[in-house]
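To start, the structure under review is shown below, and the notes come after it.
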Amino acid sequence: MSLIERTIRVSYRHRVFFTDGVFGPGNALLKDVLTDGQPGRRRKALVTLDESLAVAQPDLARRIEDYFAAFPGCLECVCPPMVIEGGERAKNSYFHVSEVQSRIERHGVCRHSYVIAVGGGAHLDVVGLAAATAHRGVRHVRIPTTTLAQADSGVGVKNGINSFGKKNFIGAFAPPFAVINDFSLLASLPARDKRAGFVEAVKVALIRDAGFFEAIERDAPRLGVFDPDAMRSLIQHCAELHVNHIATSGDPFEFGSARPLDFGHWAAHKLEQLSDYKLRHGEAVAIGMAADVIYARRKGMLDAASADRILALLEGLGFELFAHELLHRSARGELLVLGGLQEFREHLGGELTITLLTGIGQAVEVHEMDAATVADSIRELAQRREPASARLPPSLRE
């Protein structure tokens, strides 16, 4: 036998910018990012726009075209912004990925051109996958427009769509050329979507930064009314912790089985599927985290006071910690949500690795979950949802 073996090292520059009014005529940030220190070279860009955002801000497409028109010597928008269906449903087929790839080919968008995605996390996933696979990789700029995407998913390095009934089954790791978080784009979000991103901040605080958790607790009343300064602080701190993990974990493309940033996600992904994606990702993660917090407490890993603080904060931020999908059963009487553990095992490469808490800001990895204790935790969530009077023994109820 003979062998040739070399170690290949590839470095990436991962940048997340924060601004207001990215498409304002006086804001040169996007132009500077695209020209990348070569202002004399004209750069082509295909811009995609999340349909829900296009409806909420009907002048946005025109503002994007006007922005590119203001820099004719160095920027070219190859066509009017391409409006694509948003939300998780857009990820349930390859259609939109192929649609973006078709435009890339039609307009001669090359590996030194750009695909700019403006939208929520699902939109970024779809367009990012198209950019990562056309020409084996076109430069991709993300402009996230939801709190969840600005704080978490949009600053990561994953792209993917759902297939075979499994979330993100088809995808690619591809760090974006840049991420630009424009806080002003959050203004038109409905309350449900403004709130959704808070849970990912709670998640990363729980596994990484107890001080951040305390800050979220202090800011909870302001976050509850969507105070802009409180939201900005949460988004920026959460994004920084996320990027730090990618840069310093030693496993940015997840070749191993440890995925601490997926705390609460094994149940969340299954709940999204069982609800036919009526549950938003952030809402499902809140429930999944709550179930795992109770599980850790029941297993003696997490003290009761910390568990109560966590559940109270999630509820204080406006999250419902129970969904009826938790109780759905198979024909054999098994809780369907437990199927999420097997799907997580497969997604991780065969070894189940679940992150659980031992304290606020402290996490450990376990490689098995006791189904009976998971079921008990779900029952506790169901009981917690009932009014206090309904939880009293029958003899004490009015």
Descending semi-axes in Å of the stretch 111-243, equivalent ellipsoid built from Cα gyration tensor: 28, 15, 13
Loop sites in the stretch 1-92: trypsin sites (Lys or Arg not before Pro), DSSP, at most 15 other Cβ within 10 Å: 6, 9, 13, 15, 41, 42
The stretch 256-345: trypsin sites (Lys or Arg not before Pro) in DSSP coil with no more than 15 other Cβ atoms inside 10 Å: 278, 299, 332
GNM result for the chain, Cα springs below 10 Å: residue of 47, 364, 138 fluctuating most strongly: 364
Cα-centred dipole magnitude for the chain, charges only on beta-carbon of K, R (+1) and D, E (-1), debye, nearest 20: 860
Violating pairs (Cα-Cα greater than 20 angstrom) within the set 91/270; 167/270; 278/299: 278/299
Between helix 228-248 and the chain: long-axis angle, C-alpha atoms, 0 to 90°, nearest 10: 80
Share of alpha-carbon pairs per 20 Å distance bin for the chain, given as whole %: 27, 55, 17, 1, 0
Farthest toward positive dipole pole in the chain [+1 Lys/Arg, -1 Asp/Glu at C-beta], among 77, 26, 344: 77
Principal-axis tilt of helix 210-224 within the chain, Cα atoms, nearest 10 degrees: 80
About the Cα centre, charge dipole magnitude for the stretch 198-387 (Lys/Arg +1, Asp/Glu -1 at Cβ), debye: 300
Dipole magnitude of the stretch 242-314, debye to nearest 20 (Cβ charges: Lys/Arg +1, Asp/Glu -1, about Cα centre): 220
The chain, relative contact order [Cα under 8 Å, separation at least 6], %: 13
Ratio Rg/Rh, restricted to the stretch 198-387 and using Cα atoms, in which Rh is the Kirkwood radius: 0.95
Phi-based couplings in Hz for the stretch 284-293 (Karplus 6.51, -1.76, 1.60; Gly and Pro marked x): 5, 5, 4, 5, x, 5, 4, 4, 6, 5
Highest-MSF residue in the chain out of 160, 40, 264 [GNM, Cα springs under 10 Å]: 40
Structure-based [θ]222 nm, the chain - -39500 (n - 2.57) summed over DSSP H runs of at least 4, per residue, nearest 500: -13000 deg cm²/dmol
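Every number in this text was worked out from the coordinates using simple rules, so none of it is lab data. Just so it is clear, the model here is predicted, and its values are computed rather than measured. Note: ideal-geometry Cβ built from the backbone for every residue, glycine included; neighbour counts use all protein chains shown.
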